[in-house]
Amino acid sequence: MIQIESVTKRYPDGTTAVDDLSLDIPDGSITVLVGPSGCGKTTTLRMVNRMVEPTSGRILLDGSDITEQPVNALRRSMGYVIQNAGLFQHRTIVDNIATVPRMLGWDRRKARERARELMGRVGLDEALAKRYPYQLSGGQQQRVGVARALAADPPVLLMDEPFSAVDPIVRKSLQAELLRIQQELGKTIVFVTHDIDEAIRIGDMIAVMRTGGRLAQFAPPQELLSSPADEFVEDFLGTDRGIRRLSFFTSDGLALERGPVVAVDAGAEQVARATAAGAPYLLLTDADGKPLGWVAPQDAAGGADKVAVGSLLPYGRPFAAGRESLRDALDCAVLSPTGWAVAVDEQGAVAGVVSQEAIGAAIRSAHAGQREDGPAVPVRTTKAEVAT
Amino acid sequence: MSIFQFISDFFRDSAHWHGQDGIPHRVLEHLGYSFMALGIAAGLALPVGLVTGHTGRGGNALALIATAARALPSYGLLVLMFFWLGIGLTPVMIPLVALAVPPILLTSYEAMRTVDPAPVDAARGMGMGPAAVLFQVELPVALPLILSGLRSAAIQVVSTTAIAATVSLGGLGRFVIDGLYQRNYETVVGGATLIAGLALAMIALFWLVGRVAVSPGVRGGR
Ligand SMILES: Nc1ncnc2c1ncn2[C@@H]1O[C@H](COP(=O)(O)OP(=O)(O)O)[C@@H](O)[C@H]1O
Ligand SMILES: [Mg+2]
């Protein structure tokens, strides 16, 4: 565990970058430091690997003061990833990644072997091993930066806005990759960002900082969204925090209806039975149970096999039942022309359909349940899904 | 008689190819003086330029020194040193070193100052010591600019080393000085051609050093 105890940092010019900050960073999870630009996130992070020395207070790593061991030994036990990756442009990708193992005295062959293994782990094609950084895209460079930080298998990873300089699509895939790697490796990660969405997407715990280097709130993301400590945190979270909070509720409990679902070869009798289920539209599926589209009951009264597939209303994006969140289910329902969301199983076959009203009811009961039980701990798999 | 005639006569005269006053011996002497001056200048200017560039402090003082050194007339300095120190290598080395120092000093300072700070920060954050950061992170990236400073210095020194002959030393200046004295223009032109050739050889030499010493990752990145 990393314990930050009443740490203050005043720079020589008088700027108080961090003011009496105390924070217990739990092992094996991702703790995000988030806040507006200049609020002292980078300074806090850099005090952990002693790139910056605190003016007062102390930082403990597994119970002992970080100043007790030689500074470079401390740094080698903590991976460090920065915004623009900071790759060594004169070294190949594989040698960039092998840097820390080489510093630790591994022989070159073993260090490179390890580096290649890590390329796979962070989703880089091994064919890039002999390239130089200038031959890689920004997103690829950032992956190399992460691989380089992981190379000597340090228990702690410090990341300072690692994905801020890449475009939103690449950023999402890097975030997903980080969550996947974290699921496998269980590192203690301190992650700095100014982007609250990123913080919510990847953080197990989020420390919101305010200008002047003070801690505004330290809580798991869903608690932050449901009960912001004050107006500053509320403002910082933005206006749609209610919707975003739905990301933390699973779609498991949704009452999926199978009644309005009919196969494309269903006869008039089956259609009549489906119509009796009372839904305003019927969902047609193909022979494998995959969705085809919606049709009004009166248009299919003569049998589903008489309906031209081209005349069906599009079903929009289906959501993965149970694996995606209530936010995804609601999004699907809102986007659907019929106002009903289509749920699919792992094979992509229709598991059922659900109305906006039913989703609304599920949201209300989820909120009620949370108030009784206190904040639920997010399920890791759910988080990874949300990020993809 | 055309200048090309002079040149071809000079190089075809077999008497110019051996002995104390032969082309090979004079070329070696010339290169000897030049590289000695370049070596001394690099020994003085590189550490100062690299350190000031690395720390980012002292840039103004450095620019002042370089400008002052540039303002010194090489030949005037030589004459002064000659009257002060007498015949020898030292009075020749002083103006040549003064000539070579400014380009080396300024480019090495600039090379270090313009190194991207991000990889340096990453290296320190990974636990790399200061010497390793300098030699393994900063220098490899700063090398092309440093080499370009050494190359300008080398070209200037090779061209100016001819002045050694005016104080009775050897080198290719001998052909020029002696030729002028004897009104033998074939020798004057031949000597001047050799000096120009050596200056071009410096360009080729530093190009080659760059190919070998600078990482393709740095060359490709610009
Ligand atoms: N080396 C420094 N010297 C003086 N002031 C600094 C230095 N580094 C950061 N600061 C100031 O400290 C404050 C916090 O900076 P920083 O930790 O970089 O914030 P953040 O990472 O949250 O944007 C800012 O006001 C910044 O200008
Ligand atoms: Mg910052």
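The values are calculated or read from the model by the stated rules, or taken from the named source; none is laboratory data. If you're wondering where the values come from, they're calculated on a predicted model, not measured in any experiment. Positions of Cβ are backbone-derived with ideal geometry, glycine not excepted, and every protein chain shown enters the neighbour counts. Surface accessibility is based on the protein's heavy atoms, side chains included, excluding ligands, DNA and RNA. Shrake-Rupley method; radii C 1.70, N 1.55, O 1.52, S 1.80 Å.
Checking each residue in region A:49-98 for being within 11 Å of another protein chain (Cβ to nearest Cβ), assigned to a helix (DSSP H, G or I) and under 28 Å from the mean Cα position of the chain (by Cα) picks out A:ARG75, A:ARG76, A:ILE93, A:ASN96.
Residues in region A:119-140 that are crowded, with 16+ Cβ neighbours inside 10 Å, among the small types (Gly, Ala, Ser) and part of a loop (DSSP other than H, G, I, E, B): A:GLY123, A:ALA129. Listed by position, the strands (runs of 3 or more DSSP E) inside region A:215-316 whose residues that are exposed (fewer than 14 other Cβ atoms within 10 Å of the Cβ) number at least 2 form an empty set. With respect to (1) open to solvent by 30 Å² or more (accessible area, probe 1.4 Å); (2) part of a helix (DSSP H, G or I); (3) within 16 Å of ligand 2 (Cβ to nearest atom), the lone exception for A:ARG102 is condition (3). Counting the residues of region A:156-188 that are within 14 Å of another protein chain (Cβ to nearest Cβ) and either charged (D, E, K, R) or more than 16 Å from ligand 1 (Cβ to nearest atom) (or both) gives 4. Residues that are without any contact (Cβ under 8 Å) to a residue 60 or more places away in the chain, open to solvent by less than 20 Å² (accessible area, probe 1.4 Å) and within 14 Å of chain A (Cβ to nearest Cβ) occur at least once in region B:130-140.
Here A:ARG116, A:ARG50 are screened, and the one residue that is at pLDDT 95 or above, surrounded by fewer than 22 Cβ atoms within 10 Å (Cβ to Cβ) and either away from ligand 1 (no atom under 16 Å from the Cβ) or under 28 Å from A:VAL233 (Cα atoms) (or both) is A:ARG116. Set side by side, the residues A:GLY38, A:GLY28 differ, and just one is assigned to a loop (DSSP other than H, G, I, E, B), open to solvent by 10 Å² or more (accessible area, probe 1.4 Å), within 16 Å of ligand 2 (Cβ to nearest atom) and away from every other protein chain (no Cβ under 14 Å), which is A:GLY38. From the list B:VAL92, B:VAL101, B:VAL157, the one residue that fits, being in contact with a Phe, Trp or Tyr (Cβ under 7 Å, 6 or more places away or on another chain) and open to solvent by less than 30 Å² (accessible area, probe 1.4 Å), is B:VAL92. Restricting the first member to region A:9-23 and to residues that are more than 7 Å from ligand 1 (Cβ to nearest atom), and the second to residues that are aromatic (Phe, Trp, Tyr), the beta-carbon pairs closer than 9 Å and six or more apart or on different chains are A:LEU23/A:PHE218. Looking at region B:53-76, can you tell me whether even one residue there is modelled with pLDDT of 90 or more, part of a helix (DSSP H, G or I) and among the polar types (S, T, N, Q)? The answer is no, given that none of the residues of region B:53-76 is modelled with pLDDT of 90 or more, part of a helix (DSSP H, G or I) and among the polar types (S, T, N, Q). Filter region A:199-210 down to the residues that are away from ligand 1 (no atom under 14 Å from the Cβ) and in a helix (DSSP H, G or I), then identify the one that is nearest to A:MET1 (Cα to Cα). Residue satisfying both the conditions and the ranking: A:ILE202.
Do we find a residue being crowded, with 18+ Cβ neighbours inside 10 Å and aromatic (Phe, Trp, Tyr) anywhere in region A:70-93? Yes, region A:70-93 contains a residue that is crowded, with 18+ Cβ neighbours inside 10 Å and aromatic (Phe, Trp, Tyr). Taken across region B:207-215, residues that are more than 14 Å from chain A (Cβ to nearest Cβ), part of a helix (DSSP H, G or I) and open to solvent by less than 50 Å² (accessible area, probe 1.4 Å) do not occur at all.
Of the residues making up region B:62-89, those that are open to solvent by 70 Å² or more (accessible area, probe 1.4 Å) and of a type in the set (Phe, Trp, Tyr) are B:TYR75, B:PHE83, B:TRP84.
Looking for something outside any helix (DSSP H, G or I), out of contact with any helix residue (DSSP H, G or I) (no Cβ under 6 Å at 6 or more places or on another chain), more than 16 Å from ligand 2 (Cβ to nearest atom) and within 25 Å of A:GLY28 (Cβ to Cβ) - is there at least one such residue anywhere in region A:105-113? No, there is no match, as no residue in region A:105-113 is outside any helix (DSSP H, G or I), out of contact with any helix residue (DSSP H, G or I) (no Cβ under 6 Å at 6 or more places or on another chain), more than 16 Å from ligand 2 (Cβ to nearest atom) and within 25 Å of A:GLY28 (Cβ to Cβ).
A residue that is in contact (Cβ under 8 Å) with a residue 12 or more places away in the chain, at positive phi, in contact with a Pro (Cβ under 6 Å, 6 or more places away or on another chain) and within 16 Å of ligand 2 (Cβ to nearest atom) occurs nowhere in region A:77-85.
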